[in-house]
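Values quoted throughout were computed directly from the atomic coordinates according to the rules given, and no laboratory measurement underlies them. As the structure is a prediction and not an experimental result, all values here were calculated from the model. Note that we place each Cβ from the backbone using ideal geometry, even for glycine, and neighbour counts take in every protein chain shown.
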Amino acid sequence: MSCSSCSTNKDGVPKGCKSNGNCATGTCGSGNKLAVFDWLSNMTLPTGEAPFNIFEVRFKNGRKHFYKNPENLTISMGDVVAVEGSSGHDVGVVSLAGELVRVQMKKKKITVDSEEVKKIYRKASQKDIDVWQEARGREPETQRKGREIISRLGLKMKLSDVEYQGDATKATFYYTADDRVDFRQLIRDLASAFSIRVEMRQVGMRQEAARLGGVGSCGRELCCSTWLTDFRKVNTAAARYQQLSLNPLKLAGQCGKLKCCLNYELDTYLDALQSFPKQDKVLKTEKGDAVFVKMDIFKKLLWYTYKEESFKWYKLSLDQVQEIIELNKNNELALPLEEYELEIAEETPIDFENVVGQDSLTRFDTPKKGRNNRRRPKKPVNKKTENQASIPKTTKKPQAKQVKKVEGEPKPEKKRVDNRKPRPKNNPRNRKPKPEGGTTEKPTQGQQKKPRNPRRRNNNQRKKNNSDTKNNPNNEN
């Protein structure tokens, strides 16, 4: 099944053809599109029975045909052969041989005597291979110029691929179009531009995706380009049965049609839905009629809601719904859905335990705590600034307690609060010189007079006044 470049050396180390997943020579069955594993290759034929003389030959992008070997050439899988074409010859690679070819022909409903089975001329010579590879190298440029000609003619068609015949005398142009296209003038322009015979072949959207290949939303290669050969019709009913949202962006593949994989699990869903009641069935309860909302097929859960209170959904099991339906058939009303919902026991999800001591995978999801950016308080420059900062600027006066008034009682006298600041004792302005006679008599209350507020004097006048008092001790204010 593998070519010589993929085999191992004497030490058992694989050589590898360095083709990044595909065979470099195109002979490995696992590296080609629509490859088939020959599971009958190890079986021996009964005595006296000749091997099957028809081979399967593969061409560009998985195109395969069956060819018979009338000259009984020794051909094996991976050989490059020259086969009969529509005019001239074509070159391809033998992809299948033996009794499995008979099985494939029966699957595709092709008989041995059919006109579709053509002849194998010979094994390809080196000259045939050189001409074939040169023709394959001209395909990208031919496709680019062909698209320019189509846009100049204004035809509503899309040229998807170009395939040259092995002898480089004919080219097949594959295109897709929604409506019928008159490409008679296009064939003349292409034949004159490339000096070849032109064949136009229309393909569908699915066939185009199968020829070009690609990667689907599942992360794997497209089924149509790897193993799927028959394209069955896919309806939106398949999505409805599987309870999928009818979103064309999610249900459509790269071809623009519905995904072929919608049909894979459809039979399983249809078998599971046989035990479920119809969605238009109305449940009659003591509180009112309940209608269907949604269901979970594999967990066998259904959600219902009352017609009058549609904002609240009630989860019921399949057995409970069938029980309510049986009661309704006997003209009996079931209990309210709230009581049925309480009977459902919620299973706790099984979580994996960390027995190896590994770190949590979500340890980087939680944001890191912010660093402490508090600045240290600066040291005070002097004591004055420190005392001024500690004293608040404004102080609220204490509020007096409110006393309820009683009729007939005199009003309480308000206590006056003296908010005046006391003068310091060592104020030089209030000092009086002591007389020589020692103690003096205190003046009576009527003789006391309020001292006048002295005028503000500058520093020079204060010094002069102090010197006079020292020289004249008898001077009294």
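You can think of it this way: the chain between THR229 and CYS261 has 10.2 nm of extra reach, that is 0.36 nm per residue less the Cα-Cα gap. In terms of the Cα gyration tensor, with a ≥ b ≥ c the square roots of its eigenvalues, is segment 228-275 rounded because a/c is under 1.5, prolate because a/b exceeds b/c, or oblate? Oblate, because a/c is 1.5 or more while a/b does not exceed b/c. Please tell me which of these pairs span more than 18 angstrom C-alpha to C-alpha: LYS287/LYS312; LYS158/LYS250; LYS33/LYS60; LYS68/LYS123? Going by Cα-Cα distance, LYS158/LYS250 fall outside the 18 Å limit. Between LEU335 and THR236, the simple label model (points 7 Å from Cα in the Cβ direction) yields a spacing of 4.1 nm. Given a Förster distance of 25 angstrom, what is the FRET efficiency for LYS307 paired with GLN243, based on the Cβ-Cβ distance and rounded to 0.05? E between LYS307 and GLN243, to the nearest 0.05, is 0.65.
Amide H contacts under 5 Å for ASP161: TYR174, restricted to partners 5 or more places along the chain or on a different chain, H placed in the peptide plane at 1.01 Å from N. Residue by residue, segment 302-317 carries 3J(HN,Hα) couplings of 10, 10, 10, 9, 6, 5, 7, 10, 7, 6, 10, 9, 10, 8, 10, 8 Hz when phi is fed to the Karplus relation 6.51 cos²θ - 1.76 cosθ + 1.60 (θ = phi - 60°); x denotes Gly or Pro.
Sequence-ordered 3J(HN,Hα) estimates for segment 141-157 from the Karplus curve with 6.51, -1.76 and 1.60 and θ = phi - 60° stand at 5, 5, 5, 5, 5, x, 5, 5, 5, 5, 5, 5, 7, x, 8, 8, 8 Hz, glycine and proline given as x.
The modelled label-to-label distance for the pair GLU115/LEU212, using points 7 Å beyond Cα in the direction of Cβ, is 3.4 nm.
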